[in-house]
Amino acid sequence: MKKEANGRYEKILELATRKSIFYPSAEVYPNSPSGFWDFGPVGQAIRRKIVGFWRHELVYREDMMEIHGAQILPASVFEGSGHLKSFADPIVQCTKCKKYERADRLISEKINENVPESLAIEKLDEMIKKHKVRCPKCEGELGKVSKFNMMVETIIGRGETKTFLRPEACQSIFLNFPRMVKTMRLKLPCGIAQEGGAFRNEISPRQSITRAIEFSQMEAEVFFDPEKINEIEGFDEVKNYKIRILRLGKDKLEEISADKLVKEGIVPGKLIAYYLARTQQVWNRMGIPLEKLRFREVGKDERAFYSLATFDFEVETSLGWLELIANNYRTDYDLKKHGEHSGADMSYVDEDGKKIIPHIWEISAGVDRTLFAILDCCLKEGKEGLYFSLKPIIAPYHCAVFPLVKKDGMPEFAKKVEKILKDGWFDMIYDESGSIGRRYARADEIGVPFCLTIDGDSLKNEDVTIRERDSGKQVRVKVSELRHVLRDLVTHDMDFGKISKKE
Ligand SMILES: [Zn+2]
């Protein structure tokens, strides 16, 4: 990953910190470790919208079951999953300043090319020598590459049972599968989803919320019968939808319909093409433009050993191509392993009495990375400075309400409008301090899409002026129609021009 010349990344960080979107955790203490981030009111509001949109568009629409699993799990779970053995990063220490760094990342940065973290240690040592990679901090010589396990250990009680913070939310989903079959009448194919925290012991966390030790995931694991991989409801709706894909060994992105992905054997079946299409649609609607997103086909040497096919969903940001979602065909590996190690029955019996261990298609998305990518894609330069041009559905607040001046009954009328909208489940901010121009600018900065202003005429006509953030266009709307109009603008992403034509 390379840094962008014009400092776009720094601008995002500056605005994010200044508006308390995200900032270092425990910042008042000077010795706080890096790799931990807090989200302020605006950042948390946007995160809630991202998770809410994912829940609505993927979990609800695809009839998935949502669970919430514990974050601390016993070591036996990770013996079963294989994490204790193989969940390690290649690291290297500077012989001069003693700082540890990720070996694969240092080489990637030096040669400007992605180096798989799964490469053999000897191969990484060789590359460091060949490309004369040195310590980024002090230019010192690097030592030998070694493996560092990324599990974060925890102590509960007096430590009799070894426990770890989970490195990925999906393990809870696999462990929940037999219970869902028994108690929730789960029928294949069926997704089980979860949003929640995960932890990875990054040796040198950086690039802010995109590579933190504690992070949040939105995970969906779709369980299916591999013999019925081509029986997926709704495939016809996406069969002509073009999926943006970078094939292995190609340097040009292609747009390939879901149908063609299946027919040409690029993906193992319709179920997978269907979810690639749905994933692209959902993230695009959150505010990632199509031209900035792609699925990168991941080769055998780079993907997890149990995965039959991997398509990383990546977004082009100021940090380079950033992976937001790991899409893995995990086969029956996880259920099988947990069954073997725990002795539990992880199988499924279908209507015909056929007993199988289901296969799994995984859609594992990062919440914080999605937030970062959206901010990055939406950063715009306006007359009043930088602002985030967020989609109304993802914005921290649907609107802001301003009385033009603090007199002549305008604040009282504005408060009345505020109550009507809050009763209608809209999120908003009320602001009456400073010039109206300053208030617009403050709302724009954090991505509020619509500003409602109450002026002298509003009291006479029972209406407000709605101003759209991106165009600056203004339209007067009756208070009685306000909820309806805002609903169209926010939920249905209606073109603002259509509102003005209605007048
Ligand atoms: Zn050094």
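As I understand it, the dipole of the range 335-384 uses +1 on the Cβ of Lys and Arg and -1 on the Cβ of Asp and Glu, about the Cα centre. Which of P358, H341, G382 lies farthest toward its positive end?
The listed residue farthest towards the positive side: H341.
Please order R244, R158 by the number of other Cβ within 10 Å, starting at the fewest.
Final ranking by Cβ density, sparse to dense: R158, R244.
Under a plain spin-label model, where a point goes 7 Å from the Cα along Cα-to-Cβ, how far apart in nm are A344 and H492?
4.5 nm
Kindly put H484, H341, H359 in sequence by how many other C-beta atoms sit within 10 Å of each C-beta, fewest to most.
The order, fewest Cβ neighbours first, is H484, H341, H359.
Where does the Debye-calculated log10 I(q)/I(0) of the range 1-117 sit at q = 0.11, 0.15 Å⁻¹, using only Cα point scatterers of equal weight, no solvent?
At q = 0.11, 0.15 Å⁻¹ the computed log10 ratios are -0.73, -1.30.
Which GluC sites (Glu not before Pro) in the range 59-120 sit in a loop by DSSP (not H, G, I, E or B) and have at most 11 other Cβ atoms within 10 Å of their own Cβ?
The qualifying sites are E113.
Helix-only estimate, please: 222 nm mean residue ellipticity of the chain, summing -39500 (n - 2.57) across DSSP H runs of length 4 or more and dividing by its residues, to the nearest 500.
Counting only the DSSP helices, I get -9500 deg cm²/dmol.
Each value in this text was obtained by applying a stated rule to the coordinates, not by laboratory testing. Model, not experiment: these values are computed from the prediction. Please note: Cβ atoms are built from the backbone with ideal geometry, for glycine as well, and neighbour counts cover all protein chains shown.
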